[in-house]
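The values are calculated or read from the model by the stated rules, or taken from the named source; none is laboratory data. Everything numeric in this text was worked out from a predicted model, so none of it was measured. Here the Cβ positions follow ideal geometry from the backbone for every residue, glycine too, while neighbour counts run over all protein chains shown. Each accessible area value is taken on the protein alone, full model and side chains, heavy atoms only, with ligands, DNA and RNA left out. Shrake-Rupley method; radii C 1.70, N 1.55, O 1.52, S 1.80 Å.
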Amino acid sequence: MTAPENTGRRFHAYTIRHLDELLQRAPLTEEQRLRTRAVASVLPFRTNAYVVDELIDWDDPFGDPMFRLVFPQEDMLPVEDVDHIAGLLQNDASKQEVTAAANQIRFKLNPHPAGQLALNIPKAGEEPIPGLQHKYRETVLFFPQQGQTCHAYCTYCFRWAQFVGIADLKMANNDVEQLTGYVRDHPEVSSVLLTGGDPMIMGEPVLRRYIEPLLEMEHVESVRIGSKALAYWPQRFVSDPDADDTLRLFERVVASGKNLAFMAHFSHQKELDSEIVREAVRRIRATGAVIRTQAPLIRTINDDAEQWAGMWRTQHKLGMIPYYMFVERDTGPQDYFSVPLVRAWEIFRDAFSQVSGLCRTVRGPSMSATPGKVAVDGVVEIGGEKVFALRMLQARDPDLVGRPFYAKFDENAVWVDDLKPAFADKFPFE
Ligand SMILES: *Cc1c(COP(=O)(O)O)cnc(C)c1O
Ligand code: SF4
C-alpha cells in the first residue's frame, strides 16, 4: 500500500484573506469573483490544503459538490443582497460599512434557529451555565470554548452565525468544573456529547481536560464527539503531532467501561475515498471507539438516493454505523440548500431500500426542531386525505417519542413550521 498523501503536512487554515488566490484556480470572470467575495463577506469561509488539493475537482468546480460544500457561490444569497455588497466592495467601502451591510443580511437569515441561545441552557442555582445544553433527558451537549471552530466550514452550516461573530459565543464555556459538575449532579444523564464547531480542532491536552472527569462518573454510559475532522482533516488521527495521544485518550474512555461514540459528519462519498481517511477510520476503530455517521440532506450537494446508498454502503464496509439523515435547518442560505420534505423522504426511502439490513441503522429524514427531532416516515392517504406520517425520534417530553402523528400534505413544505396538523387541531408537541 502506498503511503497516504498529505501525511506530515501541518494544519493551516485558509480564510477569506486567501479566497481571491484560491479562486484563481476556478474559471471565474472578474464580476463572478467579486460576487463570490460578496457572499463570503456574509457567510463564513474557511478551508485548508487537504480539502482544496484532495477533495475539490478544479477542472469543474461548479459541477463539484465538494466545491459547493466549502466555497461560497454567488447564488447562495438573494440577488439584491449580493448586488448591494458587491457594490460596496467595488467602491472600496470601509470595512465597517461592509460589515454593517453584511450584518443586515445575516439577521434576515434566522441566525438562531430552534431557540438555541435562549432555550435548553441549564442552570446552577439561578445562574445559567453557558456552554451546556440539556434538551433531552439522557443527553447533555457540551460546547467547549476551544472547540468552536472547524478544520473547514460547510456553506450550509446551521451554526454559521457563531463563525461570523453575530452569535457571541455565549454557547461556549471553558470552565471544565462547571460542565462536569452539572453532569455529576444529574444522574439521569447517561450520554455527554462534545460538540462545536468541531471538538477535534482542540489538541489532545485540552480534549483530555474535558473528557477525563467524565470517566469517573458511573452514570455516564457514553462520551460522544461530534466531528467532521474525518472528512476535512483526517491527518488529525494519523499524522498530527498529537494523533497518537488522542487515540490513547479514546482507548482510556473505552477501558473505563464507557462507549466512545465518534459521530462523524460525512456529506458526500468523495470524502470517504482518500487513503488517509480510511487509515484514520482504521486507527479510531482500533481504539475500541464506535464511529456513527450523520449528515444533512443538501440540495446540489447530496440530494440523490444513489449518493446516500453509496455513502452508507462504504461507511458500513469500513466498519462505521449509519446513524442520522437530517433535513437542512431553517437558517442561513436555506432557500438555496433546502429540499422539500416529500423529496427528502423519497430520497431516504429509495436509498434505504438499496442497502442491506446492516445499514438500516440510519434514521431520517429528521428535523432537529424546537420540540425535538421529527422524522418524516412517509406520505400516506388516510380516509381520502393525503398526509405526512411523522414521528418524534427525540422530544423534550419523553412521552411523545415514537408516537405516530400526521400533518396535511404540502409539496412545498421544507420544515416542520411549514406543516399544519391533520386529524387534530394541534401537533402533540404543541
Ligand atoms: C440530536 C440531539 C441530541 C442527541 O440525540 P440522539 O437521538 O441521542 O442522538 C442531543 N441534544 C440535542 C439538542 C440534539 O439535537
Ligand atoms: S463541520 Fe459542522 S459545525 Fe463545522 S461548519 Fe460544518 S456543519 Fe458547521
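Computed values, structure above
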| item | result |
| --- | --- |
| Counted residues, the stretch 187-228 - those being away from ligand 1 (no atom under 13 Å from the Cβ) and hydroxyl-bearing (S, T, Y) | 2 |
| The stretch 171-186, subset in a loop (DSSP other than H, G, I, E, B) and within 16 Å of ligand 1 (Cβ to nearest atom), residue farthest from P113 (Cα to Cα) | H186 |
| Where a residue in the stretch 190-202 is assigned to a loop (DSSP other than H, G, I, E, B) and its partner, wherever it lies, is more than 10 Å from ligand 1 (Cβ to nearest atom) and open to solvent by 10 Å² or more (accessible area, probe 1.4 Å), with Cβ under 6 Å and at least six apart | S190/E221; G196/Q148; G197/Q148; G197/T149; G197/C150; D198/C150; D198/K228; M202/Q146 |
| Selection from the stretch 225-261 of residues that are away from ligand 2 (no atom under 14 Å from the Cβ) and in contact with a strand residue (DSSP E or B) (Cβ under 7 Å, 6 or more places away or on another chain) | F250, V253, V254, K258, N259, L260, A261 |
| Hits in the stretch 155-194 (condition: under 30 Å from V238 (Cβ atoms) and modelled with pLDDT of 95 or more) | S191, V192, L193, L194 |
| Candidate set from the stretch 137-149 (those that are in contact with a strand residue (DSSP E or B) (Cβ under 9 Å, 6 or more places away or on another chain) and open to solvent by 20 Å² or more (accessible area, probe 1.4 Å)); member that is nearest to ligand 1 (Cβ to nearest atom) | L141 |
| Candidate set from the stretch 400-430 (those that are more than 22 Å from Y324 (Cβ to Cβ) and of a type in the set (D, E)); member that is least open to solvent (accessible area, probe 1.4 Å) | D410 |
